[in-house]
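The values are calculated or read from the model by the stated rules, or taken from the named source; none is laboratory data. This one's a predicted model, so the numbers in the text were calculated from it and none came from an experiment. Here the Cβ positions follow ideal geometry from the backbone for every residue, glycine too, while neighbour counts run over all protein chains shown. Accessible surface is based on the protein model in full, side chains and every heavy atom, while ligands, DNA and RNA are left aside. Shrake-Rupley method; radii C 1.70, N 1.55, O 1.52, S 1.80 Å.
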Amino acid sequence: MSEETTPRERVRSGGRSEKVRQAVARTVLDLLAEGVVDFGVSDVAVRAGINRKTVYRWWPTYTDLVREALGEHSGGVEVPDTGSWPRDLRLLAERLSVFFASPVEVSTSAMIAGRREPELKALILEHFEPVQEQWREVVARGIARGEVDPACSPIAVMNMLVSQLMMAPLMLYRPMAEDEIEALVELVVRATRPIG
């Protein structure tokens, strides 16, 4: 599956092209959710019911397919900006809880944790670095407003939140319950409160 990783121009949005893009992304996400990682362009074309030449034209490599799918997947998490650190944190935690409980996330997280599929792992980590940076902006805004201790590292704070939200689907086979999310948010808010 090792291929050139230069980004390609996306299919233009709107109309038939957008429907094709969504079908390809959904097909790849379905395969990943099933734990299938050794798929090729032809496999995706057949399963999505799309002409192979069309898929090859826009997504000629495994890397292109995975990037398209991950972009579709991670784009579903809207990062809140309500002007309140506790409220932003609670909303983000609720959205990430649903996100991490999705079959795609559970399957790919298990692959990464099990140190399987190094190429796929590298693609996932590469894709999610800027996504996680957007999540960390919630902490940075809290610091800027004086609601979060400036000594707090946005990376460490977000790791504290995300690790727990990821663990429940992997270990308990369910998303975090509402009361568990509330307790986690309260813990993070207390831990990040400015001193003095």
**Q.** Matching residues, the stretch 55-76, being buried (at least 16 other Cβ atoms within 10 Å of the Cβ) and either among the β-branched types (Val, Ile, Thr) or over 12 Å from the mean Cα position of the chain (by Cα) (or both)
**A.** Val55, Trp58, Trp59, Thr61, Tyr62, Thr63, Asp64, Leu65, Val66, Glu68
Q: Go through the residues of the stretch 11-22 one by one and say whether even a single one is on the phi < 0 side of the Ramachandran plot, at pLDDT below 90 and surrounded by 15 or more Cβ atoms within 10 Å (Cβ to Cβ).
A: yes
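From the list Leu125, Leu170, which residue is in a helix (DSSP H, G or I), at pLDDT below 95 and over 12 Å from the mean Cα position of the chain (by Cα)? Working first, answer last.
Details: Leu125 fails: over 12 Å from the mean Cα position of the chain (by Cα).
Of Leu125, Leu170, the one residue that is in a helix (DSSP H, G or I), at pLDDT below 95 and over 12 Å from the mean Cα position of the chain (by Cα) is Leu170.
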(Q) Testing Lys121 on (1) open to solvent by less than 60 Å² (accessible area, probe 1.4 Å); (2) over 27 Å from Thr192 (Cα atoms), one condition comes back false. Which one is that? (A) (1)
Q: Within the stretch 79-108, track down each residue that is open to solvent by 50 Å² or more (accessible area, probe 1.4 Å) and either small (Gly, Ala, Ser) or farther than 22 Å from Thr192 by Cβ (or both).
A: Val98, Pro103
